[in-house]
Amino acid sequence: MASSPNRRLVLLRHAKSAWPGPPAPPDHDRPLAGRGRRDAPAVGRWLREAGCVPDEVWCSTAQRAVQTWQLAAAELGVAPPVDYQRDLYGATGRELADLVRHAPATTTTLLLVGHNPGVQELALTLAAPGPSDAAEREFERAASKFPTAAVGVLEFSSSWPELSAGSARLASFVVPRDLRA
């Protein structure tokens, strides 16, 4: 992998959801919980402050993912185009990787709002363990747990179609607790 990354894939797991009811709604229709409504704007602020504002967003159609993106986006200061994709709901890491490989060549930072376990699988598949102790710790944190509203920023130098296992670097991994500290 070249030392100068020219693309970023930002993975955002939806924020904490609620199980309202009875009767409970179908899983796809579950809304955010209070904690999720607090965490999502903090993620948006972090994305802006960290310089991870996306050129394009792909968001699951699940209500909790849509609400996560809307609350995070309100903190960005810009409105990148959003593509709501049903295929992101319940997708495996491999399926997500196949989708991401079709990102437009003009996109340099793609943000994907999705679900676990697919988001975590994708991050751990694409990212090679870090070359430094700090990078290794970030990788281990993401491997241990990818909680709701967690953000993983993967950097790589290849084109989208060339993105493959171990070809990216996990540049940042942030969880809501980090943003409250």
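The values are calculated or read from the model by the stated rules, or taken from the named source; none is laboratory data. Note that the structure is predicted; figures quoted are calculated from it, not measured. Every residue, glycine as well, gets a Cβ built from its backbone with ideal geometry; the counts of neighbours run over all protein chains shown. For accessibility, only protein heavy atoms count, side chains too; no ligands or nucleic acids. Shrake-Rupley method; radii C 1.70, N 1.55, O 1.52, S 1.80 Å.
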For Arg86: the one exception among (1) charged (D, E, K, R); (2) touching a residue at least 40 places away in the same chain (Cβ under 8 Å); (3) open to solvent by 20 Å² or more (accessible area, probe 1.4 Å): (2)
Members of the stretch 118-146 that are surrounded by 15 or more Cβ atoms within 10 Å (Cβ to Cβ) and not aliphatic (A, V, I, L, M): Gly118, Gln120, Glu121, Thr125, Gly130, Glu138, Phe139, Arg141, Phe146
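Answer with yes or no whether Pro80 is of a type outside the set (A, V, I, L, M, F, W, C), surrounded by fewer than 19 Cβ atoms within 10 Å (Cβ to Cβ) and modelled with pLDDT under 95.
Numbers: of a type outside the set (A, V, I, L, M, F, W, C): yes; surrounded by fewer than 19 Cβ atoms within 10 Å (Cβ to Cβ): yes; modelled with pLDDT under 95: no.
No, not satisfied.
Can you work out which of the residues in the stretch 89-101 that are charged (D, E, K, R) and part of a helix (DSSP H, G or I) is surrounded by the most Cβ atoms within 10 Å (Cβ to Cβ)?
Residues of the stretch 89-101 that are charged (D, E, K, R), as a first pass: 94-95, 98, 101.
Filter once more, keeping what is part of a helix (DSSP H, G or I): 94-95, 98.
Working: Arg94: 13, Glu95: 15, Asp98: 12.
Selected residue: Glu95.
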Subset of the stretch 12-31 (residues that are open to solvent by less than 60 Å² (accessible area, probe 1.4 Å) and not aliphatic (A, V, I, L, M)): Arg13, His14, Ser17, Pro20, Gly21, Pro25, Asp27, His28, Arg30, Pro31
Subset of the stretch 157-169 (residues that are open to solvent by less than 10 Å² (accessible area, probe 1.4 Å) and modelled with pLDDT under 95): Ala168
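For the stretch 16-27, which residues satisfy the criterion of being touching a helix residue (DSSP H, G or I) at 6+ places or on another chain (Cβ under 7 Å) and outside any strand (DSSP E or B)? Before the answer, list the steps.
The first filter runs over the stretch 16-27 and keeps only residues touching a helix residue (DSSP H, G or I) at 6+ places or on another chain (Cβ under 7 Å), leaving 16-17.
Listed by number, the list holds a single entry, Lys16.
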Condition check for Val57: in a strand (DSSP E or B) and in contact with a helix residue (DSSP H, G or I) (Cβ under 9 Å, 6 or more places away or on another chain): yes
Count of the stretch 54-71 residues which are in contact with a strand residue (DSSP E or B) (Cβ under 7 Å, 6 or more places away or on another chain) and either modelled with pLDDT under 95 or of a type outside the set (D, E, K, R) (or both): 11
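Among the candidates Ala72, Ala105, single out the residue that is part of a loop (DSSP other than H, G, I, E, B), of a type in the set (A, V, I, L, M, F, W, C) and more than 12 Å from Leu11 (Cα to Cα).
Values: Ala72 fails: part of a loop (DSSP other than H, G, I, E, B).
Exactly one residue qualifies, and that residue is Ala105.
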Lone unmet requirement of (1) over 14 Å from Leu9 (Cα atoms); (2) under 15 Å from the mean Cα position of the chain (by Cα); (3) free of Cβ contacts under 8 Å to residues at least 60 places away in the same chain for Thr125: (1)
Search result, residues across the stretch 39-52 that are surrounded by 17 or more Cβ atoms within 10 Å (Cβ to Cβ) and either within 25 Å of Asn6 (Cβ to Cβ) or among the basic types (Lys, Arg) (or both): Val43, Gly44, Trp46, Leu47, Cys52
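Count, please, the residues in the stretch 76-111 that happen to be among the β-branched types (Val, Ile, Thr), within 28 Å of Pro41 (Cβ to Cβ) and out of contact with any Lys or Arg (no Cβ under 9 Å at 6 or more places or on another chain).
Quick first cut of the stretch 76-111, residues among the β-branched types (Val, Ile, Thr) only: 78, 82, 92, 100, 106-109.
Those left that are additionally within 28 Å of Pro41 (Cβ to Cβ): 78, 82, 100, 107-109.
Next cut, out of contact with any Lys or Arg (no Cβ under 9 Å at 6 or more places or on another chain) only: 82, 100.
Final tally of qualifying residues: 2.
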